[in-house]
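Trainee: Submitted below is the structure of interest, expressed as structure tokens.
The values are calculated or read from the model by the stated rules, or taken from the named source; none is laboratory data. Please read all numbers here as calculations on a predicted model, not as lab measurements. FYI the Cβ positions are ideal-geometry reconstructions off the backbone, even for glycines, and counts take in every protein chain you see. Please note that ligands, DNA and RNA were not included when accessible areas were found on the heavy atoms of the full protein model with its side chains. Shrake-Rupley method; radii C 1.70, N 1.55, O 1.52, S 1.80 Å.
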Amino acid sequence: MAGAIIENMSTKKLVIMGVTLLLFQALAFIVGGLVAPGPTSAMHYLSTKCVDTVKHRDEKKWFMPWGPEQCDRIRSFDEAMAKKIEANNIVFSVHIPQPHKEMSPWFQFMLVIMQFDIAFKMHNQIEDGAMVTIDVGLAYRDDTISEWTEMAHSFEQRRLSCNFTATKTFENEGRYYECELLPFMEIGSVAHKYYLLNIRLPVNERKKINVGIGEIKDIRFVSIHQNGGFTQVWFAMKTFLTPSILIIMIWYWRRITLMSRPPVLLEKVILALGISMTFINIPVEWFSIGFNWTWMLLFGDIRQGIFYSMLLSFWIIFCGEHLMDQTERNRFSVYWKQVGPIVFGSFCLFIFDMCERGVQLTNPFFSIWASDVGTELAMAFIIVAGICACLYFLFLCFMVFQVFRNISGKRTSLPAMSKARRLHYEGLIFRFKFLMLVTLTCAAMTVIFFIISQVNEGHWHWGDHAVQVNSAFFTGIYGMWNLYVFAIMFLYAPSHKRYGDEQSSAFSMEDIQLTTTITHVDGPTEIYKMTGKEAHE
């Protein structure tokens with residue numbers, strides 16, 4: 001076989017393939033922007049202050065904020081003081097979702113954040129570094145008549161970060177602090193229809209529990225979950241793309257095994273990239289609709305991390321195998337200095353994820369950001385991973401620059417060639433450069449996606465249609481990486497034909513060996529051989 005399909009494919013067919021992939025890319029963005037709703041929805045709740053009148057606390061008793069089973073409630077703490085109700089007997093109750101609605105497994109996950117409404121009082125101000133101790137229980141049920149079943153119970157602490165913008169005087173008493181949102185709960189599966197939160201703020205002055213936290217008036221919550229409509233579109237894309245990548249991967253490796261030589265490093269890495277893409281594509285999320293798999297969020301993070309690590313490693317090896325002046329090639333050990341930071345950074349992020357979502361498998365109220373040590377540890381992992389990412393990006397840019405510089409240097413030999421040979425090599429060089437630019441464009445689109453997903457939660461209007469920007473980027477970027485992997489495996493598969501059979505009289509088969517991949521395990525690329533030969537001539 002003379003080389004890869006990218007070399008031997010006619011320009012017309014290559015253009016047709018490029019336009020087809022571009023249309024599929026546009027379709028991926030359109031599906032997310034016009035068909036799917038927004039990725040997530042948020043529901044706001046104001047907790048109800050229930051009164052536990054029983055002297056001896058019943059652990060199995062749950063307090064409902066509304067409905068026929070609603071608890072004895074008070075409107076304010078002033079009413080509690082008037083009725084001589086102690087703080088330990090007040091239970092903040094929140095029912096998720098709101099009345100006449102129900103949750104669904106299609107929501108995939110549920111993230112809850114909390115915010116305290118704290119009034120300023122001269123004699124009861126928030127102390128520096130104040131910690132709120134929370135006694136919280138979570139229960140569930142699947143109909144409106146059955147008993148609540150406990151799902152989790154925990155004692156947690158959250159550090160208050162509040163700012164009082166006005167002057168701290170008696171005239172400003174009653175005005176509220178501006179308090180930051182606090183992480184409260186996250187569950188990786190919404191397997192039940194109704195959830196109930198019961199929260200107590202136990203006070204113990206001797207042990208300094210919930211002392212110096214100001215005068216709490218209310219607790220507000222925001223529940224965030226994935227939209228069911230978006231989940232269906234997402235699952236449909238995964239179901240469609242999985243066989244596509246799997247088929248092209250099997251076809252690609254079959255082409256490799258039919259060759260007389262063993263596969264080279266770049267071909268093995270391309271296969272590994274296809275395997276990682278297939279791994280992230282497999283729609284195991286379908287099982288989360290019928291099973292209470294709370295580990296799906298963690299599993300999804302692991303799959304995504306493996307793919308991105310493989311993709312970053314592929315770029316390094318892809319550029320390295322095209323540095324035509326390298327003496328050592330086709331060995332993975334050559335790239336350990338470049339791939340090492342990628343593996344280390346990915347491992348740091350994996351540890352961080354395990355410290356957060358791994359613990360949440362047993363305690364959904366845990367947050368690594370709740371303590372000073374956890375915050376410092378999490379920041380350390382993120383900073384180290386960020387440094388590794390910056391070093392990687394700089395080195396990748398340097399390698400791309402080296403490759404382009406070497407190719408430009410080799411082009412000085414092209415004018416001395418025959419017209420047929422010169423056009424052939426100019427076409428190959430252009431195709432390789434174009435592929436590198438597409439790669440950098442994909443990386444840039446991914447960065448833009450992360451930025452927009454963080455700063456933009458709205459949607460645009462296009463005529464009478466609402467374009468969901470975040471959904472479009474989610475489906476578009478996901479489709480883009482599938483199309484990129486598909487194109488890499490197709491274009492770099494060994495060709496079944498020999499380029500230039502019709503022009504065999506113009507130059508020998510030795511001059512048309514594979515240019516952008518390696519056909520000889522220990523030999524230099526054909527461009528290097530070609531330019532050397534021309535120099536001697």
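Trainee: Pairs needed: first member in the stretch 212-240, free of Cβ contacts under 8 Å to residues at least 60 places away in the same chain; second member anywhere, not in a helix (DSSP H, G or I); C-beta distance under 7 Å; at least 6 residues apart or different chains.
Mentor: From residues that are free of Cβ contacts under 8 Å to residues at least 60 places away in the same chain, the pairs are Phe235/Pro283; Lys238/Pro283; Thr239/Pro283.
Trainee: Quick one: how many residues across the stretch 406-421 are part of a helix (DSSP H, G or I) and either at pLDDT 80 or above or open to solvent by less than 20 Å² (accessible area, probe 1.4 Å) (or both)?
Mentor: Of the residues in the stretch 406-421, 2 are part of a helix (DSSP H, G or I) and either at pLDDT 80 or above or open to solvent by less than 20 Å² (accessible area, probe 1.4 Å) (or both).
Trainee: For residues in the stretch 469-493 being of a type in the set (S, T, N, Q) and out of contact with any Phe, Trp or Tyr (no Cβ under 8 Å at 6 or more places or on another chain), which is surrounded by the most Cβ atoms within 10 Å (Cβ to Cβ)?
Mentor: Applying the filter and picking the extreme gives Asn482.
Trainee: Then there's this: With a cut-off of at least 1 residues that are touching a residue at least 60 places away in the same chain (Cβ under 8 Å) and β-branched (Val, Ile, Thr), name the strands (runs of 3 or more DSSP E) lying wholly within the stretch 11-120.
Mentor: 40-46, 90-96, 110-119
Trainee: Testing Ile250 on (1) among the aliphatic types (A, V, I, L, M); (2) open to solvent by 70 Å² or more (accessible area, probe 1.4 Å); (3) within 19 Å of Phe473 (Cα to Cα), one condition comes back false. Which one is that?
Mentor: (3)
The rows are residues; the columns are (1) open to solvent by less than 30 Å² (accessible area, probe 1.4 Å); (2) on the phi > 0 side of the Ramachandran plot; (3) assigned by the TED database to the domain that holds Arg141; (4) assigned to a helix (DSSP H, G or I).
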| position | (1), (2), (3), (4) |
| --- | --- |
| Trp293 | no, no, no, no |
| Phe299 | no, no, no, yes |
| Gln304 | no, no, no, yes |
| Ser313 | yes, no, no, yes |
| Gly374 | yes, no, no, yes |
| Leu377 | no, no, no, yes |
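Trainee: Aromatic (Phe, Trp, Tyr), under 24 Å from Ile134 (Cα atoms) and open to solvent by 80 Å² or more (accessible area, probe 1.4 Å), is that true of Trp336?
Mentor: Against the criterion (aromatic (Phe, Trp, Tyr), under 24 Å from Ile134 (Cα atoms) and open to solvent by 80 Å² or more (accessible area, probe 1.4 Å)), Trp336 does not qualify.
Trainee: From the residues in the stretch 104-133 that are farther than 23 Å from Asp372 by Cβ and small (Gly, Ala, Ser), which one is most open to solvent (accessible area, probe 1.4 Å)?
Mentor: Among those residues, the one meeting the criterion is Ser104.
Trainee: Among Lys101, Lys83, which is the only one that is open to solvent by 60 Å² or more (accessible area, probe 1.4 Å) and under 35 Å from the mean Cα position of the chain (by Cα)?
Mentor: Lys101
Per-residue answers, yes or no, for (1) touching a Phe, Trp or Tyr at 6+ places or on another chain (Cβ under 9 Å); (2) within 30 Å of Trp286 (Cα to Cα); (3) among the aromatic types (Phe, Trp, Tyr):
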site: Val94; (1), (2), (3): yes, yes, no
site: Met110; (1), (2), (3): yes, yes, no
site: Met114; (1), (2), (3): yes, no, no
site: Phe120; (1), (2), (3): yes, no, yes
site: Ile126; (1), (2), (3): yes, no, no
site: Cys162; (1), (2), (3): yes, no, no
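Trainee: For the stretch 266-288, give me the residue count where each residue is open to solvent by 20 Å² or more (accessible area, probe 1.4 Å) and over 21 Å from the mean Cα position of the chain (by Cα).
Mentor: Qualifying residue count for the region: 2.
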